[in-house]
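The values are calculated or read from the model by the stated rules, or taken from the named source; none is laboratory data. Source: prediction; values computed, not measured. Positions of Cβ are generated from backbone atoms using ideal geometry, with glycine treated the same way; all protein chains shown enter the neighbour counts. The accessibility values were calculated without ligands, DNA or RNA, using every heavy atom of the protein model including side chains. Shrake-Rupley method; radii C 1.70, N 1.55, O 1.52, S 1.80 Å.
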Amino acid sequence: MDDGLPNNFHQALPLVNPTDSHTKLAVDPEGLAALRRITTPIAPVVVIGPYRSGKSFLLNQLLGVPCAEGFGVGHMRDTQTKGVWIWGEGKQVMVNKQPVTVVFLDTEGFESTGKSDAYDDRIFALSAIISSVLIYNLPETVKEADIEKLSFAAEIAEEFSGRVNGRESPFNPAHLLWLIQRDFLEGKSVQQMVKQALQLVPNPKAEKALDQVNRIRKSLVQISRNSTAFGLRQPHLQRTKLCELKDRDLDRDYVKQREQLKQLVMGMVVPKMTGSRMLDGPQLAQMIEDTVEALNQGEIPMAGSVVDMFNKDILQRCVDLYSVRMALLVLPTTEAALLEAHTQALADAAAKFEKEKFGRKEFSSAAPLYEKEYKGLVASNSFESSKACEGSHQNCEDILDALQTMLLPSLKKFDEGSHHCNATFHVKCVGPSGDLYAEKMRKSIGRQRLHFLSAYNQRLYNGLLAMSVVLVVCYRFVMKNGFLEFVAWLMFLFLEVYPKLYVGSANTFYESDTWQQGVTVWEMIAYNKVIDLEKHGPYLAGGFFIAMLLFRIWRWRRQRRMMRAKRLGSKDMNV
């Protein structure tokens, strides 16, 4: 060996090793050197599966090399292969009339003791990223745990492939070969078994557990489209002596199926692609280095124990309960009411968790979820409060503007209208914006009242002056009542002359006792519990006009009757 690199590549070489803690990965220069020798497009065939499932022996059989020369095969309970190993010599084949070098890789079996789940997931994800053909070696049958692990590793592989090759470069999943090693192959074919295992499970009652099962199957749709299954008999009953046996000693059906498997694998190989680019040996070596670095630096999400998953599901249900409780709150509301509802909903969720949890899981672990939702509600409450207060304030402004334009001005009606508007405003304007808009409302009412008062006396004076003129005309030409006409003239003259007596005086006419008494009388007439002259005035005027008209007709008819009777009386006297 020169510079620590191998001279003999007709052997299995370490490509990726576990770190001392057996949680992360480290590339090995020997395996990288074997890859860098290959200048043609390369097609890695990687075997994965549980530990002690015969992966290393299977690879030796595919390569046609004895155990002593090929991948290490052990018969103890501990896993034999550590990390990822590569057969130093590639096998060149023609794919679409182009030479492609096939390399075989062996991986450390998962689910052995003394390792973290994250380590197994890193090995599985690395295999899925770098392989052209991924052989999933399983003993006897396909279990639900096998499907879950494949789905979990595929998601991790897609994520870290994007980190290494760029998000714009799509993840190209390997050709997947489900290899089921069984003692008995009667009944369903292996292809039927795998197809049935990956079918969606009927879930008419929408159970969450079955939803999760089907979610896993849906995540494997892309991989399933590019997969096949193959059944392989056990080579011999004496599993511990397989390396000592010749082909003539092995099960005939196994030998026949092994040759079929070789042809199947070689028929599945295609060059390893990154986007639309085919990789050669040095490029694959660089990809492995980059992927290992990314896998080590990135946090691998833990599938977790059954207890953690159970408690995680309960925590989510508690968050949903909190959301339902808070959804009952009508916004906007006061900050105190919102905090009280939050505290009560949080207490209900905590009580549910304590009742249903398993183990020592703390409810506080979900605190960020509740705080995030609560902050969102606080922001929504602030927005709804501002919206409601602005609407109520504008509505009051419109009402006060309308009161300014009363044809028959009444200060009492203005004050009562503004009071009612203010009361309605405080009912609708609640929440964080309440105090700010309450102050704006107080200032608006004060400003509008001053404006109303500034024109109130003059409008009332002009109204009384116009009314005196109308009464003069009415009593002169309609009712023809000399006394009432005289009173109307007196009222007109009083309004025209009396205010001029205050010219040059310190006090104005509007401040005199006479005017103030008149205003008091006017307010009593214009707006009270019985009548609102602004609203009912037209009806009263119309009724008065009709009454006068009827009176005039009655009076005219009465005069005619009297004149007719008088004429008849004169005739009788003449006779």
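Is the stretch 157-169 home to any residue that is open to solvent by less than 50 Å² (accessible area, probe 1.4 Å), modelled with pLDDT of 80 or more, hydroxyl-bearing (S, T, Y) and in a loop (DSSP other than H, G, I, E, B)? No, the stretch 157-169 contains no residue that is open to solvent by less than 50 Å² (accessible area, probe 1.4 Å), modelled with pLDDT of 80 or more, hydroxyl-bearing (S, T, Y) and in a loop (DSSP other than H, G, I, E, B).
Being assigned to a helix (DSSP H, G or I), closer than 23 Å to C474 by Cα and not β-branched (V, I, T) holds for only one residue in M562, M524, M548, and it is M548.
Within the stretch 212-234, the set of residues being open to solvent by 40 Å² or more (accessible area, probe 1.4 Å), over 22 Å from N172 (Cβ atoms) and at pLDDT below 75 comprises Q212, R215.
Being under 37 Å from the mean Cα position of the chain (by Cα) and closer than 13 Å to S444 by Cα is the requirement here; does H419 meet it? No.
For the criterion of being buried (at least 17 other Cβ atoms within 10 Å of the Cβ) and touching a residue at least 60 places away in the same chain (Cβ under 8 Å), L411 passes.
A438 falls short on exactly one of the conditions (1) open to solvent by less than 40 Å² (accessible area, probe 1.4 Å); (2) within 25 Å of Q516 (Cα to Cα), and that condition is (2). Does the stretch 33-43 contain any residue that is open to solvent by 30 Å² or more (accessible area, probe 1.4 Å) and under 30 Å from I180 (Cα atoms)? Taking every residue of the stretch 33-43 in turn, none turns out to be open to solvent by 30 Å² or more (accessible area, probe 1.4 Å) and under 30 Å from I180 (Cα atoms). Could you check, for the stretch 514-525, whether at least one of its residues is within 19 Å of G417 (Cβ to Cβ) and open to solvent by 60 Å² or more (accessible area, probe 1.4 Å)? Yes, because at least one residue in the stretch 514-525 is within 19 Å of G417 (Cβ to Cβ) and open to solvent by 60 Å² or more (accessible area, probe 1.4 Å). Scanning the stretch 526-575 for residues that are surrounded by fewer than 12 Cβ atoms within 10 Å (Cβ to Cβ) and acidic (D, E) yields a total of 1. Could you check how many residues of the stretch 44-73 are in contact (Cβ under 8 Å) with a residue 12 or more places away in the chain, open to solvent by 30 Å² or more (accessible area, probe 1.4 Å) and not in a helix (DSSP H, G or I)? Residues in the stretch 44-73 being in contact (Cβ under 8 Å) with a residue 12 or more places away in the chain, open to solvent by 30 Å² or more (accessible area, probe 1.4 Å) and not in a helix (DSSP H, G or I): 7 in total. Test V519 against the stated conditions and say whether it is in contact (Cβ under 8 Å) with a residue 12 or more places away in the chain, β-branched (V, I, T) and either part of a helix (DSSP H, G or I) or under 20 Å from L407 (Cα atoms) (or both). Criteria met by V519. Residues in the stretch 471-484 that are modelled with pLDDT under 85, open to solvent by 70 Å² or more (accessible area, probe 1.4 Å) and either in a helix (DSSP H, G or I) or within 15 Å of E496 (Cβ to Cβ) (or both): R476, F477. For the stretch 109-124, the criterion of being part of a helix (DSSP H, G or I), out of contact with any Gly (no Cβ under 8 Å at 6 or more places or on another chain), hydroxyl-bearing (S, T, Y) and closer than 18 Å to V292 by Cα is satisfied by at least one residue.
For (1) out of contact with any Cys (no Cβ under 9 Å at 6 or more places or on another chain); (2) at pLDDT 90 or above, each residue gets a yes or a no:
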| position | (1), (2) |
| --- | --- |
| T333 | yes, yes |
| A341 | yes, yes |
| A349 | no, no |
| F358 | yes, no |
| E384 | yes, yes |
| T405 | yes, no |
| L411 | yes, no |
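Applying the set (1) assigned to a helix (DSSP H, G or I); (2) among the β-branched types (V, I, T); (3) free of Cβ contacts under 8 Å to residues at least 24 places away in the same chain; (4) within 26 Å of A466 (Cβ to Cβ) to V530 leaves exactly one unmet item: (1).
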